[in-house]
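Right, one structure below, let's go through it.
The values are calculated or read from the model by the stated rules, or taken from the named source; none is laboratory data. The model shown is predicted, which means the values in this text are computed figures rather than measured ones. No Cβ is skipped: glycine too gets one built from the backbone with ideal geometry, and neighbour counts run over all protein chains shown.
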C-alpha cells in the first residue's frame, strides 16, 4: 500500500484541516460557477469502488489518531444512495473511532435524496454537510451560474437540518459587485435565516486567473470592491442573519476581518466591531496575507 489515491486538486473546508481526506469523486458535478477555477478542465467522475475501499483500508491502518473524515471532491452527495451507504458503512466498520464524516453537497444533489435517505446517511455517520450558497440574491445566483434558485437553496438547507445532520453554509462577499452589494447581503442574510444552519462561513471573493469572472473583470463588466465596501456588505449580511443558535464565521484566510460570532448572543457586539473597523479603529489582515 502506497498511501491514499488522490487525483487532481483536493479542496476541503477550513474546519476540516485535521480530517482524513477520502476522495470518492473527481471534480464537481456542476462545474459551471463563474468564480471557481478549482476543477477547470476536469471531467467529473465517480472513482472506482476498489480504489475507494483500498483508501479506507489504508486510512484505517495509518490514521488512527484522526477523529474526523471528509469525503471529497466537489459534490460527493451525487453518488447513488447504495454506493454512499456502502462507503459510510465501510468507514464505520474499519474506523469505528471516527466521530464525524463530512462532505460537500450542492442543492441539486441534496434535493435528489428523500428524507429517509438523508436520515439513513445520518445514521451511518454522516455528521455535517457543507453547502455553497454564495448568495441568496436570485439575480446573483443566475449571474454566477450557480444552477439553482434561491428557493431550492433554502429547501436543500432545511432538508439537511430536518434530517438531523449539521449544516455549514458558505457565503461570498464581493460576488455581487458594487451595485448589488447590499441587496446581495440582505438576501443572503434572509436565506441563511431561513436555513438556520449550524455554521455560516463567509469568504471574500478572490479573482482567479482562469475563470469566467476574471474575463468579466478584464472587460470591465465586473467591478471589484474596495475594503470599506466589503466591510459594509459583511455588516449588512450579519445584521440580516438570524440563527437560533450557531456560529457566524469570517475566519477564512481570504477575509480582512476575522469574526467568530456566537449567534444570537454575540451579534450586536460583532456589528459594533465591524463599525469600528469601518472607522479605521481595528487592525485588519493586510492584503499580502490573504489567501484562498
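Side notes on the structure shown:
- Some residue of the stretch 31-50 being over 30 Å from residue 148 (Cβ atoms) and modelled with pLDDT of 90 or more: yes
- Some residue of the stretch 253-260 being assigned to a helix (DSSP H, G or I), modelled with pLDDT under 95 and touching a helix residue (DSSP H, G or I) at 6+ places or on another chain (Cβ under 7 Å): no
- For the stretch 17-45, filtered to residues that are free of Cβ contacts under 8 Å to residues at least 60 places away in the same chain and surrounded by fewer than 16 Cβ atoms within 10 Å (Cβ to Cβ), the residue that is nearest to residue 212 (Cα to Cα) is 41.
- Test: residue in the stretch 271-280 that is outside any strand (DSSP E or B), within 18 Å of the chain's Cα centre (by Cα) and in contact (Cβ under 8 Å) with a residue 24 or more places away in the chain: no
- Matching residues, the stretch 94-111, being part of a loop (DSSP other than H, G, I, E, B), in contact (Cβ under 8 Å) with a residue 12 or more places away in the chain and surrounded by fewer than 17 Cβ atoms within 10 Å (Cβ to Cβ): 97, 99
One line per residue, one yes/no per condition, for (1) more than 21 Å from the chain's Cα centre (by Cα); (2) in a loop (DSSP other than H, G, I, E, B); (3) without any contact (Cβ under 8 Å) to a residue 12 or more places away in the chain; (4) more than 21 Å from residue 93 (Cβ to Cβ):
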position: 6; (1), (2), (3), (4): no, yes, no, yes
position: 11; (1), (2), (3), (4): no, yes, no, yes
position: 15; (1), (2), (3), (4): no, no, no, yes
position: 50; (1), (2), (3), (4): yes, no, yes, no
position: 56; (1), (2), (3), (4): yes, no, no, no
position: 59; (1), (2), (3), (4): yes, no, no, no
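- The residues in the stretch 144-193 that are part of a helix (DSSP H, G or I) and in contact (Cβ under 8 Å) with a residue 40 or more places away in the chain can be counted, and the count is 23.
- Residue that is surrounded by the most Cβ atoms within 10 Å (Cβ to Cβ) [pool: residues in the stretch 53-93 that are touching a helix residue (DSSP H, G or I) at 6+ places or on another chain (Cβ under 7 Å) and either at pLDDT below 95 or over 20 Å from residue 128 (Cβ atoms) (or both)]: 77
- Yes/no for residue 260 being in contact with a strand residue (DSSP E or B) (Cβ under 8 Å, 6 or more places away or on another chain) and within 14 Å of residue 235 (Cβ to Cβ): no
- If you go through the stretch 215-237 and pick out every residue that is part of a helix (DSSP H, G or I) and closer than 20 Å to residue 189 by Cβ, you end up with 10.
- Candidates 208, 284, 243: the one that is more than 30 Å from residue 129 (Cβ to Cβ), in a loop (DSSP other than H, G, I, E, B) and touching a residue at least 12 places away in the same chain (Cβ under 8 Å) is 284.
- Looking only at the stretch 17-36, residues that are in a loop (DSSP other than H, G, I, E, B) and in contact with a helix residue (DSSP H, G or I) (Cβ under 8 Å, 6 or more places away or on another chain) come to 5 in all.
- Among the residues making up the stretch 73-85, those that are in contact (Cβ under 8 Å) with a residue 12 or more places away in the chain and over 14 Å from the mean Cα position of the chain (by Cα) are 78, 79, 81, 83, 84, 85.
- Here residue 216 passes the criteria (1) touching a residue at least 60 places away in the same chain (Cβ under 8 Å); (2) more than 22 Å from residue 31 (Cα to Cα) except the one numbered (2).
- Condition met for residue 182 (modelled with pLDDT of 95 or more, more than 28 Å from residue 110 (Cα to Cα) and surrounded by fewer than 21 Cβ atoms within 10 Å (Cβ to Cβ)): yes
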